[in-house]
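Asks: To start, I am sharing the structure in question, which I have written as structure tokens.
The values are calculated or read from the model by the stated rules, or taken from the named source; none is laboratory data. Remember, predicted model here, so these are calculated numbers, not experimental data. FYI the Cβ positions are ideal-geometry reconstructions off the backbone, even for glycines, and counts take in every protein chain you see. The area values use the complete protein model at the heavy-atom level, side chains included, leaving out ligands, DNA and RNA. Shrake-Rupley method; radii C 1.70, N 1.55, O 1.52, S 1.80 Å.
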Amino acid sequence: MTRMGEVEWLSDREQRVWRSLLRAQAGIETELDRDLRRTGGLTLVEYGILVALSESPGRRMRMRRLAEEVLVSKSRLTHQISRLETAGHVRREPCEDDRRGFWAVLTDQGAETLVDAAPGHVAAVRGRVFDRLSPAQVDALGELMAILEVDDPADLPGPSTP
């Protein structure tokens, strides 16, 4: 464990940028979630689940993989899938290869709900993020996100820095 005296603390500039990043992310998620709840009756996480399933072969995905894809814990995914199942958007099927595993499967009703919700959601994302940026800023943001998403700096392209 690192002692407090050995930590290189964030500079004032870094602290401002870090807090701005956190506020921007939280604000975007809050607004998109509120909009989806109001217009489509879905949470942002539920929308993400339907999107992930719609893009998967056979419109189905193993629950463990789905949790990784939508960035939620397995217990939160189980709760969200139960809500989506009750609404008729998703069904669970046992996995033939693993008695403990389950598939989450997008139903036709879930696909219709996604098709209905997608245009408004995309418009909200566009209005909250992309319409505020120039094409060059979108490219720069994409490059920054590619760097920040990488868990291991060794996975970054180009020469590594010590």
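Asks: In whole percent, how big is the carbon plus sulfur part of the accessible area of region 3-162, probe 1.4 Å, protein atoms only?
Replies: Using a 1.4 Å probe with all protein chains present, region 3-162 comes out at 54 percent carbon and sulfur.
Asks: Now, a different point. Report the extension gain between Leu21 and Val115 in nm, rounded to one decimal, defined as 0.36 nm multiplied by the number of residues separating them, less their alpha carbon distance.
Replies: So the extension gain works out to 30.8 nm.
Asks: Can you give the FRET efficiency to the nearest 0.05 for Thr86 and Phe130, using r as the Cβ-Cβ distance and R₀ = 30 Å?
Replies: After rounding, the FRET efficiency stands at 0.30.
Asks: Would you mind getting me the FRET efficiency between Thr78 and Glu29? Use the beta-carbon distance for r and R0 = 22 Å, nearest 0.05.
Replies: Step by step, r from the Cβ atoms, then E = 0.55.
Asks: Beyond 18 Å, what share of the Cα-Cα pairs of region 1-151 is found? Please give it as a whole percent.
Replies: Of all Cα-Cα distances in region 1-151, 67 percent exceed 18 Å.
Asks: What does the accessible area per residue of the chain come to in Å², with a 1.4 Å probe and no ligands, DNA or RNA counted?
Replies: Each residue of the chain exposes 73 Å² on average to a 1.4 Å probe.
Asks: Turning to a different aspect of this structure: Among 31-37, 90-96, how do they line up from the highest to the lowest mean number of other beta-carbon atoms within 10 Å?
Replies: So the peptides 31-37, 90-96, ranked by packing, come out 31-37, 90-96.
Asks: Grab the beta carbon distance between Val150 and Arg99, set R0 = 41 Å, and tell me the FRET efficiency rounded to 0.05.
Replies: Efficiency for this residue pair is about 0.70.
Asks: State the dimensionless ratio Rg/Rh of region 70-135 (Rg: radius of gyration of Cα atoms; Rh: Kirkwood radius).
Replies: Reported Rg/Rh, Kirkwood definition of Rh: 1.14.
Asks: With springs connecting C-alpha atoms under 10 Å apart, model the chain as a Gaussian network and identify which of Gly48, Gly142, Gly27 has the largest mean-square fluctuation.
Replies: Gly142
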